[in-house]
Amino acid sequence: MKRVIRYIILSIVVFLLFIIFKLYLIERDFFEKASEYEKNKHSVEAFLMYERVILAYIPGSPLISESLDRMEKICGDLKDYDRINCFDSMRSAIYQVRFFYLPYKDRLSRIDEEIIRLKTNQYMKENSIPVQNYNETEKIFRNITEYNPYPSDFWSFLTVVSLFGWFASVTLIVLRGLTEPVNKRVLVIGVMGFFIFFTLWISGLYMA
Amino acid sequence: MQNNSKITGLVTFAFFLFCYIYFSSPVVNTGDAGEFIVSSYTLGLAHPSGYPLYLQMGKILQMIPFGNMAFRLVLVSVIFSILSLYILFNLVMLLAEDRWSALFSCILLFVSYSFWGQSVIAKFYTLNMFIISLILLIGIIIIIKGFDKRLVYLSGFLIGVSSSNHHLGLGMVIPFLFVLIFNFKKSLKHIPLMIVFGILGFLVNIYMFLRGNGTKGFVMTVVYDLNSFLSVFLRKNYAEGSSTALTGSIFTNISNFYYAVKNIGIILDENFSFYTFPLAIFGLIYIFQKSKKTFIFLVMSFFVYSLILAKMTFAAEVININTWYLGAHQYFIPMLFIYALFCGAGMFMILNFLYRSKFNILKRAVPVLLCLFPLVGIMERMTDQNFNSNFVPYSMTKSILSSQPVGSLYVTFGDNHTFQTWYLKVAGRYREDICSVDSLNPQIASWNLRACRPSFLYKPLVSELFNGDLLEIAKKGRVQGVIFLGDNHPMSKVFRNEYGLFVSIYLPRNTKSDVIIKKNLISFKPYADITMNDCLLHLTDDYFTMLLCNVSSTYYAHLGSLFQVKQSLAETLITKKITHEDYTTEMKFKVNWGVENEDMLLKYHAVNKKNDIKIFRYFPYSKEAKHETSD
């Protein structure tokens with residue numbers, strides 16, 4: 001059993017190392033491209049490349065924070081749709097790399113405000129909406145921007161863990177419980193495990 | 001010796017893992033991927049049959065803090081393909097007890113065109129393969145090592161679980177029945193409990209009731225009662241393509257078995273090349289000699305996943321390119337797996353002959369060389385299944401959404417545009433101000449609001465859509481769509497078509513706002529340039545990617561035509577036939593090329609050349625190729 005656990009841990013470590021290696025190469029590659037575009041004053045191309053650096057997210061990577069800083073600076077210098085798309089790209093990239101934790105929350109709240117303001121102004125300008133309707137229009141974009149489409153992280157986590165739990169319980173019942181003669185102790189543990197995890201799974205699906 | 005064997009195995013599997021991770025898609029890929037990512041991340045429901053198991057597996061991987069949502073779902077494919085290869089290794093070891101033969105069979109499958117292709121994108125086929133491989137392993141253990149009721153129960157559970165992923169897994173019921181028949185007396189009393197465990201596995205489908213009602217998570221087809229559940233589970237929406245209709249089709253048009261066999265031959269040849277055919281036959285002879293029951297079980301399994309499956313899905317004289325891509329490249333993974341197993345056994349027959357030789361060099365070096373020989377295929381995979389280089393779907397969707405006015409309406413059509421938009425807009429939360437609706441029929445303006453939800457948020461923004469006054473919203477260039485409206489399109493009576501950025505802009509017939517649109521479009525050239533660069537740089541033989549690039553290059557050329565050219569160097573008439581299902585229309589315009597836009601001309605030609613559909617691996621066998629020859 002110990003040997004199996006050792007192999008599993010080794011496999012996970014190797015798996016993560018390969019992932020980090022791949023992501024690092026992507027980060028490095030696009031960071032270079034983005035810097036080149038930025039140097040040549042191709043701001044749109046530059047922010048699109050910096051976005052790809054963020055998408056290859058590795059926690060604590062200096063290239064990611066540098067990209068975010070540079071991207072924010074570029075966004076601030078752009079106008080009209082480029083500015084909207086730039087800030088929106090930055091925001092989207094952060095949401096796309098979100099796991100059970102949302103990184104760069106502080107930046108997000110700042111960006112959100114800017115996006116709401118920019119979209120409101122653009123929409124009002126293009127649709128000839130009078131200035132006195134600003135608050136009303138802004139509310140529309142605020143509601144859309146602040147709407148959270150994701151399920152609860154806690155319940156989602158519980159759901160997937162308990163799915164594994166009840167799969168493992170059934171396997172335990174079959175392989176260790178239903179031996180000749182029947183191993184009653186394992187069988188009771190397996191059945192109890194099944195009911196507990198199954199209930200948690202259902203609750204998780206309902207609540208998430 | 002045993003340590004050497006372990007190290008060889010570990011190094012080989014680490015290499016497999018490295019390759020699949022390295023060449024996997026770092027962002028959303030084409031086809032269903034976008035939909036799967038959104039449904040998985042939000043614990044929603046994908047298209048029928050719902051895929052609850054795959055979506056939950058995807059959600060587990062979403063907990064790791066590396067990469068983005070799309071890449072993490074791709075990792076599900078990577079993990080299960082490696083596990084399937086590991087099961088294959090064990091299966092060959094069970095049959096031949098020779099690590100080189102086992103490794104040969106794994107390497108053969110590992111480098112095969114479709115197995116590699118499905119391992120590096122977000123798709124459920126490798127998870128399906130893993131479940132099937134486990135049932136195969138159980139079947140062979142029972143045959144070789146003797147009856148064990150626990151393994152029968154476990155197989156029941158796995159078959160039940162497979163129903164919550166893809167119905168292909170249920171195909172294992174037929175060969176497994178033979179395992180039960182071989183042990184008829186012993187197994188008879190255990191069948192009721194096997195069914196109970198099967199039902200326990202089937203319980204994963206409860207997910208559809210709890211998450212599929214449309215109030216939680218992103219749902220493509222709503223499940224709210226038993227009927228709607230059955231409709232999704234049995235894929236009734238697909239009419240002729242529903243699970244029940246397909247099963248029924250096995251027994252009709254028996255003569256079509258000829259085409260099924262022919263197409264299977266093509267798929268095997270494209271994946272393993274002709275030199276493996278004798279090996280597979282040797283393997284069958286070896287298995288037959290070793291155990292007739294194993295032979296029957298494996299041949300039955302192969303039969304189900306080749307001939308029967310091909311008869312259901314792939315047995316016509318002419319098959320269009322789309323079906324070649326979706327069918328040949330995806331459905332037959334289990335067939336490839338079992339075929340590789342046969343080849344592994346065949347290799348053992350050859351190696352066994354060598355092992356008897358007196359020459360040490362023959363005994364030691366040749367098996368290694370033969371085993372490693374299929375690795376030459378990696379060079380090809382690096383240029384046709386290198387999804388690490390494919391940013392096209394992400395980049396194109398991003399460009400399209402970026403070019404749309406704030407608070408506009410975007411009508412998508414087809415899996416690629418629709419699912420990629422869902423990913424970027426719903427999961428990626430990019431340009432949430434756009435109300436994206438999807439159309440099921442290119443000729444009918446009846447739309448689903450799936451990426452324009454919740455509707456209370458979008459009602460005040462695109463009130464015209466909700467009030468049914470599309471002309472009003474279209475006046476300002478705020479309606480864009482994937483379908484290029486030709487004169488024969490019903491909507492063309494009201495709208496005229498303007499070229500947008502990779503999509504069309506629908507303007508009311510009596511409006512003249514071309515000038516603003518053209519001016520705005522030019523400002524989006526940098527986005528288009530990046531997308532065209534991606535079309536040039538991708539190293540994938542992905543038909544959908546090629547299709548996206550191929551159509552978009554025409555829009556790109558049109559963007560070039562908007563530039564004021566001081567001195568014309570050349571004038572080109574660009575024509576392009578665009579087909580959306582049965583609806584076909586033509587794009588036609590002139591472009592003046594000068595120094596201001598000559599870079600675009602070069603890129604336009606290069607993208608077209610690079611993404612020529614004729615390059616696609618299965619093109620020569622397609623209906624389109626045959627039409628071309630007859631023309």
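For this structure, a couple of remarks:
- Checking every residue in the range A:60-77 against the condition of being β-branched (Val, Ile, Thr) and within 8 Å of chain B (Cβ to nearest Cβ) gives zero matches.
- Top-ranked residue in the range B:415-439 [being away from every other protein chain (no Cβ under 14 Å) and touching a strand residue (DSSP E or B) at 6+ places or on another chain (Cβ under 7 Å); ranked as nearest to B:Thr42 (Cα to Cα)]: B:Thr418
- Against the numbered list (1) assigned to a helix (DSSP H, G or I); (2) surrounded by fewer than 20 Cβ atoms within 10 Å (Cβ to Cβ); (3) of a type in the set (Phe, Trp, Tyr), B:Phe297 comes up short only at (2).
- Against the test of being among the basic types (Lys, Arg), more than 10 Å from chain A (Cβ to nearest Cβ), within 25 Å of B:Thr545 (Cα to Cα) and touching a strand residue (DSSP E or B) at 6+ places or on another chain (Cβ under 7 Å), the options B:Arg450, B:Arg509 yield a single qualifying residue, B:Arg450.
- Matching residues, the range B:83-112, being under 24 Å from B:Ala328 (Cα atoms) and crowded, with 23+ Cβ neighbours inside 10 Å: B:Ser84, B:Leu85, B:Leu88, B:Phe104, B:Ser105, B:Cys106, B:Ile107, B:Leu108, B:Leu109, B:Phe110, B:Ser112
- Candidate set: the range A:113-138, residues that are within 25 Å of B:Ala427 (Cβ to Cβ), of a type outside the set (A, V, I, L, M) and at the interface with chain B (Cβ under 10 Å from one of its Cβ atoms); chosen: the one surrounded by the fewest Cβ atoms within 10 Å (Cβ to Cβ): A:Gln122
- Scanning the range A:139-158 for residues that are surrounded by 18 or more Cβ atoms within 10 Å (Cβ to Cβ), under 11 Å from A:Met207 (Cα atoms) and either out of contact with any helix residue (DSSP H, G or I) (no Cβ under 8 Å at 6 or more places or on another chain) or at the interface with chain B (Cβ under 7 Å from one of its Cβ atoms) (or both) yields a total of 2.
- The set of residues in the range B:522-543 that are surrounded by 21 or more Cβ atoms within 10 Å (Cβ to Cβ) and of a type outside the set (S, T, N, Q) comprises B:Phe524, B:Tyr527, B:Ala528, B:Ile530, B:Met532, B:Asp534, B:Cys535, B:His538, B:Asp541, B:Asp542, B:Tyr543.
- All positions within the range A:10-34 that are touching a Phe, Trp or Tyr at 6+ places or on another chain (Cβ under 9 Å), more than 7 Å from chain B (Cβ to nearest Cβ) and without any contact (Cβ under 8 Å) to a residue 12 or more places away in the chain: A:Ser11, A:Leu16, A:Phe21, A:Leu25
Okay, residues lined up against (1) over 14 Å from B:Gly283 (Cα atoms); (2) surrounded by 23 or more Cβ atoms within 10 Å (Cβ to Cβ); (3) modelled with pLDDT of 95 or more:
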{"position": "B:Ala316", "(1), (2), (3)": "yes, no, no"}
{"position": "B:Ile321", "(1), (2), (3)": "yes, no, no"}
{"position": "B:Leu326", "(1), (2), (3)": "yes, no, no"}
{"position": "B:Ala340", "(1), (2), (3)": "no, yes, yes"}
{"position": "B:Gly346", "(1), (2), (3)": "no, yes, yes"}
{"position": "B:Leu351", "(1), (2), (3)": "no, no, no"}
{"position": "B:Ser357", "(1), (2), (3)": "yes, no, no"}
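- Failed criterion for A:Asp80 (all others in (1) of a type outside the set (A, V, I, L, M, F, W, C); (2) farther than 30 Å from B:Leu461 by Cβ; (3) facing chain B (nearest Cβ under 8 Å) hold): (2)
- Candidate set from the range B:211-239 (those that are among the charged types (D, E, K, R) and surrounded by 17 or more Cβ atoms within 10 Å (Cβ to Cβ)); member that is farthest from A:Trp201 (Cα to Cα): B:Lys236
- The residues of the range B:467-498 that are within 13 Å of chain A (Cβ to nearest Cβ) and touching a helix residue (DSSP H, G or I) at 6+ places or on another chain (Cβ under 7 Å), listed by number, are B:Glu472, B:Ile473, B:Lys476, B:Gly477.
- Of the set (1) loosely packed, with under 14 Cβ neighbours inside 10 Å; (2) modelled with pLDDT of 95 or more; (3) within 9 Å of chain B (Cβ to nearest Cβ), all apply to A:Phe194 but (1).
- Taken over the range B:20-79, the residue count meeting the criterion of being in a helix (DSSP H, G or I), of a type in the set (D, E, K, R) and more than 9 Å from chain A (Cβ to nearest Cβ) is 1.
- Residue count for the range B:176-231 under the criterion of being within 24 Å of the chain's Cα centre (by Cα), closer than 30 Å to B:Phe302 by Cβ and polar (S, T, N, Q): the result is 1.
- Hey, A:Phe167 closer than 20 Å to B:Arg150 by Cα and not basic (Lys, Arg) or not: yes
- Of residues in the range A:165-182 being in contact (Cβ under 8 Å) with a residue 12 or more places away in the chain and surrounded by fewer than 17 Cβ atoms within 10 Å (Cβ to Cβ), the one nearest to the other protein chains (Cβ to nearest Cβ): A:Arg176
- Considering only residues in the range B:576-631 that are among the small types (Gly, Ala, Ser) and modelled with pLDDT of 90 or more, the one that is surrounded by the most Cβ atoms within 10 Å (Cβ to Cβ) turns out to be B:Ser622.
- Residues in the range B:240-253 that are free of Cβ contacts under 8 Å to residues at least 60 places away in the same chain, surrounded by 10 or more Cβ atoms within 10 Å (Cβ to Cβ) and among the hydrophobic types (A, V, I, L, M, F, W, C): B:Ala245 only.
- Condition broken by B:Ser523, with the remaining ones in (1) in contact (Cβ under 8 Å) with a residue 60 or more places away in the chain; (2) within 14 Å of another protein chain (Cβ to nearest Cβ); (3) among the hydroxyl-bearing types (Ser, Thr, Tyr) satisfied: (1)
The values are calculated or read from the model by the stated rules, or taken from the named source; none is laboratory data. The structure displayed is predicted, hence computed values, not measured ones. Heads up, the Cβs are rebuilt from the backbone with ideal geometry, glycines too, and the neighbour counts pull from every protein chain shown.
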